[in-house]
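Down below is the structure, laid out as structure tokens.
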Amino acid sequence: MLTLIRNHKLKIAIAITIVVRIVFLFALGRSVFFYEQTGLIHGSSAYDEYALNLLDTGVYGREAGLPDARIAPLYSYLVAGVYAILGRNGLAIGLVHIVLDCITVALVYDIARRLFKRSELFGQAIGEWVGFGAGILTACYPYLVFQNLTLIDTPLFMTLMYLFVWLMILLRDQETYSRRTLLIAILGGLVLGITTLVRALLPLFAILTGIWFLMRLRFVDSVLRLLPVAIVSLLVLLPWMWRGYQIYDGFVTVALNTGDNLWQGNNPMTVPIFEAGYDAQWSPPPETSTNEDNFYLKNQILTQEAINYLQANPDDVPNLLWTKFLVYWTVEITPRKNLQDGQSLMLDNQGELLVVEGDADVQDVETLSQYDSGLFDRVARPVHIAYFAPLLILALIGLALSASQWRDVSLIWFLQISMTVMYLIFHPSTRYRVPTDPLLFTFSAYAVIVFIQNWLAHRK
């Protein structure tokens with residue numbers, strides 16, 4: 001058995017990834033994932049609407065035939081492609097996501113293999129065993145399995161994000177600057193730009209990656225490798241940015257949901273909402289934006305209102321950031337509660353949060369409300385705590401044990417730090433943290449492997 005595992009670690013991890021997801025897909029398909037049968041879309045119905053409109057009219061927009069840039073476009077284009085080839089059904093989406101998850105597991109395996117280099121276990125480099133462990137933990141991660149079988153951009157974002165990480169490792173490992181080095185840099189820029197068209201979250205990580213390069217390379221060598229990455233990524237984004245300018249006669253980086261997310265994570269109701277267990281998306285918009293139909297102007301208004309709140313309440317900022325940090329890294333599934341259809345939230349005169357009658361301005365309310373009852377509430381939430389909490393503790397131990405390898409493994413630290421900072425700026429939840437958990441699990445696996453090494457040494 002040990003020989004079989006040792007010789008086929010990646011194949012085993014991918015096989016488990018496929019089997020676990022196929023079981024989930026068909027066990028819950030008719031009640032959850034096959035939205036063409038249930039009429040309810042788990043994930044986001046926006047992607048379904050954009051994809052259908054794109055196929056019907058050839059125009060990317062939430063309203064048929066009317067172009068917009070309200071959300072990042074790439075995943076909607078992928079969904080439209082799946083619909084065009086396989087039809088509109090949850091099974092097709094689920095199968096495509098399983099393929100993406102398999103690629104992600106393979107990338108996690110090789111990232112760990114390249115970063116964890118010291119010592120051996122059972123005659124093989126320890127990095128291979130770390131990658132195998134992280135791959136298995138990712139393959140069996142219940143929350144991730146469920147989320148990645150819904151209509152959500154997470155699987156695509158994860159695959160592209162880890163592909164960028166992998167390419168940056170290859171780029172730094174090039175001993176000389178050659179055509180191969182330039183090609184890897186160009187590919188890294190393409191992937192960075194494309195990933196930004198799914199979720200615009202990697203710019204900070206890209207900057208920290210530059211620091212990671214300087215830990216091994218001279219400044220000039222780092223610049224020569226990373227400059228093409230930056231230039232190419234910007235060139236990838238320019239056509240989409242030009243399209244946004246033509247539509248709104250103003251600068252649009254990727255999407256016009258920045259203001260929404262910034263306001264939801266930075267307003268007088270953010271802390272009370274999080275402390276009550278709800279998601280920041282239930283924050284009612286400010287009155288200054290409610291009557292604005294122009295999405296470009298509305299995005300500007302919401303952004304400015306969030307900035308105004310932070311400037312007017314500097315003493316509240318430390319508690320706001322700490323609350324968001326706890327929501328992001330809690331072992332529970334957040335949000336813990338969701339509003340029912342016909343409900344909304346407000347603050348009373350004493351600043352207490354109240355649930356009142358009134359429709360909250362949030363998509364898929366009927367779907368979200370299902371997560372507060374039934375199998376999900378009674379089983380899924382406790383299972384997630386039982387799965388993630390020990391792995392988080394092991395990850396902290398593994399991080400300490402691997403500290404001597406900081407010049408290499410700090411790339412994983414930087415990914416976790418950058419994503420944490422991005423969601424402290426906006427607003428956190430478990431589904432936003434989960435995409436980086438597979439690399440967090442590399443530290444969990446490393447801790448287990450070190451324990452095994454010490455046990456074998458003691459036994460010997």
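The values are calculated or read from the model by the stated rules, or taken from the named source; none is laboratory data. Predicted, not measured: the structure shown is a model, and the values here were computed from it. Positions of Cβ are backbone-derived with ideal geometry, glycine not excepted, and every protein chain shown enters the neighbour counts. Each accessible area value is taken on the protein alone, full model and side chains, heavy atoms only, with ligands, DNA and RNA left out. Shrake-Rupley method; radii C 1.70, N 1.55, O 1.52, S 1.80 Å.
So here's what we get for this one:
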quantity	calculated
Residue list for the range 238-265, restricted to those being under 17 Å from Q304 (Cα atoms), in a helix (DSSP H, G or I) and open to solvent by less than 40 Å² (accessible area, probe 1.4 Å)	G259, L262, W263, Q264
Number of the condition not met by R381 [criteria: (1) open to solvent by 40 Å² or more (accessible area, probe 1.4 Å); (2) at pLDDT 80 or above; (3) among the charged types (D, E, K, R); (4) not in a loop (DSSP other than H, G, I, E, B)]	(1)
Sole exception among (1) of a type outside the set (S, T, Y); (2) in contact with a helix residue (DSSP H, G or I) (Cβ under 6 Å, 6 or more places away or on another chain); (3) modelled with pLDDT of 95 or more for H427, by number	(3)
Enumeration of residues in the range 328-357 that are farther than 13 Å from D372 by Cβ, open to solvent by 50 Å² or more (accessible area, probe 1.4 Å) and free of Cβ contacts under 8 Å to residues at least 40 places away in the same chain	N349, Q350, L354, E357
Output for the range 182-212, where each listed residue is part of a helix (DSSP H, G or I) and open to solvent by 20 Å² or more (accessible area, probe 1.4 Å)	L182, L183, I186, L187, L190, I194, P203, L204, A206, I207, L208, I211
Matching option when the condition is open to solvent by 20 Å² or more (accessible area, probe 1.4 Å), out of contact with any His (no Cβ under 7 Å at 6 or more places or on another chain) and among the polar types (S, T, N, Q), among Q174, Q147	Q174
Test result for L302, in contact with a helix residue (DSSP H, G or I) (Cβ under 8 Å, 6 or more places away or on another chain), open to solvent by 60 Å² or more (accessible area, probe 1.4 Å) and aliphatic (A, V, I, L, M)	no
Output for the range 157-200, where each listed residue is polar (S, T, N, Q) and at pLDDT 95 or above	T159, T181, T195, T196
Output for the range 65-94, where each listed residue is open to solvent by 40 Å² or more (accessible area, probe 1.4 Å), closer than 19 Å to L149 by Cβ and either touching a residue at least 60 places away in the same chain (Cβ under 8 Å) or outside any helix (DSSP H, G or I) (or both)	L78, R88, L91
Whichever residue in the range 269-299 is crowded, with 20+ Cβ neighbours inside 10 Å and of a type in the set (D, E, K, R) and, among such residues, is nearest to Q246 (Cα to Cα)	K298
Qualifying residue in the range 372-390 (condition: of a type in the set (S, T, N, Q) and within 26 Å of D110 (Cβ to Cβ))	no
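For every residue, the table says whether it meets (1) farther than 30 Å from T258 by Cα; (2) part of a loop (DSSP other than H, G, I, E, B); (3) open to solvent by 20 Å² or more (accessible area, probe 1.4 Å).
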site: W406; (1), (2), (3): yes, no, yes
site: L415; (1), (2), (3): no, no, no
site: M419; (1), (2), (3): no, no, no
site: P428; (1), (2), (3): no, yes, no
site: Y432; (1), (2), (3): no, no, yes
site: L440; (1), (2), (3): no, no, no
site: F443; (1), (2), (3): yes, no, no
site: A447; (1), (2), (3): yes, no, no
